[in-house]
Amino acid sequence: MTDHVTTHQAEEDRRNEEILIYVDGRLVPREKATVSVYDSGFMLGDGVWEGIRLYDGKWAFLDQHIERLFEAAKAIDLEMHLTPDEVKKALLGTQKANRMITDAHARLMVTRGVKVRPFQHPSLSRSGPTMVIIMEHSKPKIPRPIRLATVPHLRGLPMTQDPKLNSHSKLNCILACIAAEKAGADEALMLDVHGFVNTTNACNFFIVRKGAVWTSTGDYCMNGITRQKVIDLCQANDIPVFERNFSLVDTYSADEAFLTGTFGAQTPVGSIDGRQIGTGQMGQMTERLRALYKDLIARESV
């Protein structure tokens, strides 16, 4: 497919060739930013992460992202070696070193650390944790609405791998994305264990029907910060919004559909399983929510 688009597609920026990356307290050039092949994250996907976006000199909803990172670390019994304030200091120091002002994206990753032997048991990770911050100049460039395809890969039960975790173990979502691409789409629309529409492989999913905004219950997806901000904006602006179970039948006949995420904010969906959604272009509700979100970011940046 020659016109493939992703929800994290950005403008090319040659400045990213010269970025400094934070690796366990050191700022190192991109080509020298490495971790051990014995690291738990590389070996087993044993770690958690956050994506954070820089607007006009301020990291959007930073406290909430840091709080979620620490909650995730506690959930997987990973003992953080820095306090929340120290993590913020590391982030701001990396920003300053890279002279970034706006349109930047940070991926903050923490793993259980380096193992003494190449096996699964967490007790073998004795020099952790490992913390890396990759910060890039990153301006979204999504030239058209996203095409989605429903895939057989499900968002699972909390007792298998809780989908509310931003964990490094993303293979289920990667396989979903591959299946969607093979079906001629850009990304995957994933169902929950009951067959209800849930999320995409990378973003939270919303539809608009008769002036009301719907999203999933949140039981089987990452409860994204941008997702919650959209729900809050709807409630504050008298837009009916529902967290509910709904099916593909509801989805195919929606007036609009859009995705939410830290990188793209609100990204329109043009088609699902070959069926055009609404006009196939960004709808009026999506435009309104994008404007409300932009205003919210501006207020946060004061």
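Since every read-out is calculated from the coordinates, none of them should be taken as a lab result. Note that the coordinates shown come from a computational prediction; the quantities given were computed from them, not determined experimentally. Cβ coordinates were reconstructed from backbone atoms using ideal geometry, including for glycine residues, and neighbour counts include every protein chain displayed.
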Inset, instruction - Using only alpha carbon pairs under 8 Å that are at least six residues apart, calculate the relative contact order of the chain and give it in whole percent. - result: 19
Inset, instruction - Would you check the range 83-232 for Lys pairs whose C-alpha atoms are within less than 20 Å, ignoring same-chain pairs closer than 8 in sequence, and give me the count? - result: 4
Inset, instruction - Give the angle, between 0 and 90 degrees and rounded to the nearest 10, that separates the Cα long axis of helix 284-300 from the longest principal axis of the Cα atoms of the chain. - result: 30
Inset, instruction - Provide, in order from the shortest bin, the percent of all Cα-Cα pairs of the chain in each 10 Å bin, continuing until the bin that contains the maximum pair distance. - result: 6, 26, 34, 25, 8, 1
Legend entry - GluC sites (Glu not before Pro), loop per DSSP, at most 16 other Cβ atoms within 10 Å - longest free stretch of the chain: 80-302
Inset, instruction - Just name one of ALA149, GLY113, ILE174: the one whose Cα is farthest towards the positive end of the charge dipole of the chain (beta-carbon charges, Lys/Arg +1, Asp/Glu -1). - result: GLY113
Legend entry - aspartates and glutamates whose Cα lies under 16 Å from that of LYS74, excluding same-chain neighbours fewer than 8 positions away: ASP46, GLU50, ASP162
Inset, instruction - In debye, nearest 20, what is the charge dipole magnitude of the chain about its Cα centre with +1 on Lys and Arg Cβ and -1 on Asp and Glu Cβ, if you could check? - result: 340
Inset, instruction - Write down the percent of antiparallel bridges among all DSSP beta bridges whose residues are both part of the range 78-202, to the nearest 5. - result: 75
